[in-house]
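**Student:** To start, I am sharing the structure in question, which I have written as structure tokens.
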Amino acid sequence: MDRKSALPAPLNAATSARLRRQPRASTKPELALCRELHRRGLRFRVNHPRLPGRPDMAFTRARVAVFVDGCFWHCCPEHGTLPRNNRDWWQAKLDRNVARDRAKDAALADLGWTVLHVWEHEAPEAAADRVEAEWRRRVSSATR
Ligand SMILES: [Zn+2]
């Protein structure tokens, strides 16, 4: 990538609107997964402030952290896209997001946590199956 493309480009109106639409608080897929996990009797902290990356869900005893990743912002292999305007700027920004995700994973792993990433496109039941399975595995190995 050349030097120029690493610099931020001014945002046009459509891009600014897209950014404004991105919620900062819990997203719909997050809430759906939370509800499904609660329904199964699992309890967890939401956006644990003292953990790297403030995971969307943190099972403190089992030390399992869950992030629900948006398909656009985290470059889902199925739905990740690059806006046509300011392509290089977006490419650099999204690359940084992915690099930050991996850094958070590494920081949590250093603290003995298992990290699960769920795509926003995943069905909440299937995602909850994965989370619950990992939680059970970790809880049973912790008490052995
Ligand atoms: Zn996706």
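**Student:** Testing the spin-label approximation: label points 7 Å from Cα along Cα→Cβ at Arg87 and Ala133. State their distance in nm.
**Tutor:** The answer from the label model is 3.8 nm.
**Student:** Still on this structure: State in Å² the accessible area per residue of the range 24-143; use a 1.4 Å probe, count heavy atoms of protein chains only, and round to the nearest integer.
**Tutor:** For the range 24-143, the solvent-accessible area averages 57 Å² per residue.
**Student:** List the relative contact order of the range 24-143 as a percent without decimals, with contacts defined as Cα pairs under 8 Å and 6+ residues apart.
**Tutor:** Numbers: 133 pairs, mean separation 37.2, N = 120.
The normalised contact order for the range 24-143 reaches 31 percent.
**Student:** What is the distance, in nm, between label points placed 7 Å from the Cα along the Cα-to-Cβ direction at Val46 and at Val98?
**Tutor:** If labels sit at Val46 and Val98, their model points lie 3.0 nm apart.
**Student:** For the range 24-143, what is the charge dipole size about the Cα centre, in debye to the nearest 20, if Lys and Arg each add +1 at the Cβ and Asp and Glu each add -1 at the Cβ?
**Tutor:** So the magnitude is around 500 debye.
**Student:** While we're looking at this one, here's another question. For the range 24-143, what log10 I(q)/I(0) values come out of the Debye formula at q = 0.12, 0.20 1/Å, with one point per alpha carbon and no solvent?
**Tutor:** Debye output, listed in q order: -0.45, -1.13.
**Student:** Still on this structure, I have one more. Using +1 on the beta carbon of Lys and Arg, -1 on that of Asp and Glu, and nothing else charged, what's the dipole of the range 50-95 about the Cα centre, debye to 20?
**Tutor:** Computed about the Cα centre, the dipole is about 260 debye.
**Student:** Express the carbon and sulfur contribution to the solvent-accessible surface of the range 24-143 as a percent, rounded to the nearest whole number, probe 1.4 angstrom.
**Tutor:** C and S fraction of accessible area: 49 percent.
**Student:** Which order do the peptides 45-53, 131-139 come out in when sorted by mean C-beta neighbours inside 10 angstrom, highest first? Show your work: numbers first, answer last.
**Tutor:** Values: 45-53: 14.0, 131-139: 16.6.
Packing order, densest peptide first, comes out as 131-139, 45-53.
The values are calculated or read from the model by the stated rules, or taken from the named source; none is laboratory data. Source: prediction; values computed, not measured. Note that we place each Cβ from the backbone using ideal geometry, even for glycine, and neighbour counts take in every protein chain shown. To get the accessible areas, we keep the full protein, side chains included, count just its heavy atoms, and leave off ligands, DNA and RNA. Shrake-Rupley method; radii C 1.70, N 1.55, O 1.52, S 1.80 Å.
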